[in-house]
Amino acid sequence: MRDIVGKDETLDILCNEELRIIQKRKGYRFSIDAILLAAFVVLKKHERLLDIGSGCGIIPIYISKKGCRNEMIGVELQTDLYETAQKNSLINHCEDHVRFINADINTLLRDMRRTPFHVVLSNPPYTKRRSGRECPERSRFLARNEETLDLEALVGAASSLLVKKGRFYVIYPARRAGELIQSAASRKLALKRLRTVHPRRDESANLILAEFVKDGGVGAAIERPLYVYDGDAISAEVKEYYSFGD
């Protein structure tokens, strides 16, 4: 196991030692946001899943380790993150159904439309182009800023790659919720589930988890809030996300 981990990488063992994730020591590293989104996603038997901006592959691999053997594809623009995702698929023994592509999603749309997906998800860049403080580390900058994938491009790709009644899942800043919902609606993606994410019970939401349905009807479920922390400790619900395998 250790032979596959480079000197510039770390190995994190999570979820009752069921999940092993290699990451670069420097550059972009996944956050709790990815786990929250992975736990929010509903994936039914035989449904095909696409993860746009897959990073180190954490989300499809997490879903796989929960027992889903569905075909899952992750698209990642950054070559170093793609190579790490490939490693993570191997060490988690899911390479037979979880695979990764090193490309810009916009270059794949024509080919991928031939076999559309039932589920598309993304933990995308949160900051508008040129509106945030520029990070000197390029990998983190691209993962956090809409330099190569802005909201309109993301929603457009998701809609074009979904089957009718297919589902799009995303985690996004609460301050941009209106922008997300409006953009999705313009691409025939109807909001069906919304859950606000709060750091603590007495704090305002900083994120939202959303499910959209392509060509879906009116009506959405606003779910109970998700609190990440209970005081200084991780909340009981979020702790469960890291405890599958019990």
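Ordered from highest to lowest accessible area with the whole protein assembly present and a 1.4 Å probe, 42, 170, 163 read as 42, 163, 170.
The slack in the chain from residue 203 to residue 31, taken as 0.36 nm per residue of separation less the alpha-carbon distance, amounts to 60.0 nm. For the stretch 191-224, applying the loop criterion from DSSP together with a ceiling of 13 other beta carbons within 10 Å to the GluC sites (Glu not before Pro) yields 203, 223. In a DSSP loop and with at most 14 other Cβ atoms within 10 Å, the trypsin sites (Lys or Arg not before Pro) in the stretch 198-246 are 200, 201. The GNM of the chain, with springs linking C-alpha atoms under 10 angstrom apart, assigns the highest mean-square fluctuation among 124, 199, 116 to 199.
Taking a cut-off of 17 Å between Cα atoms, list the aspartates and glutamates near residue 44, but don't count ones fewer than 8 places away on the same chain. List returned: 71, 211. Each of residue 153 and residue 9 was given a label point 7 Å from its Cα along the Cα-to-Cβ line. The distance between the two points is 2.7 nm.
Sparsely packed loop sites in the stretch 15-66 (the GluC sites (Glu not before Pro) outside DSSP H, G, I, E and B with at most 13 other Cβ atoms within 10 Å) comprise 17.
Computed extension length for residue 164-residue 109: 18.2 nm, one decimal, from 0.36 nm per residue of separation with the Cα-Cα distance subtracted. Of all lysines in the structure, those lying under 24 Å Cα to Cα from residue 26, and not within fewer than 8 positions of it along the same chain, are 7, 87, 128. Placing unit charges on the Cβ atoms only, positive for Lys and Arg and negative for Asp and Glu, gives the chain a dipole magnitude near 720 debye about its Cα centre. Only helices enter the 222 nm calculation for the chain: every DSSP H run of n ≥ 4 contributes -39,500 (n - 2.57), and dividing by all residues gives -7500 deg cm²/dmol, rounded to 500. What translational D, rounded to a whole number of µm²/s, comes out for the chain from Stokes-Einstein when the hydrodynamic radius is the Kirkwood one over Cα pairs, at 37 °C and 0.692 mPa s? Rounded to a whole number, D works out at 179 µm²/s.
Working from label points 7 Å from Cα in the Cα-to-Cβ sense, the residue 221 to residue 44 distance is 1.3 nm.
The values are calculated or read from the model by the stated rules, or taken from the named source; none is laboratory data. All of these numbers come straight from a predicted model, not from anything done at the bench. Note that we place each Cβ from the backbone using ideal geometry, even for glycine, and neighbour counts take in every protein chain shown. SASA here: full protein model, heavy atoms, side chains in, ligands and nucleic acids out. Shrake-Rupley method; radii C 1.70, N 1.55, O 1.52, S 1.80 Å.
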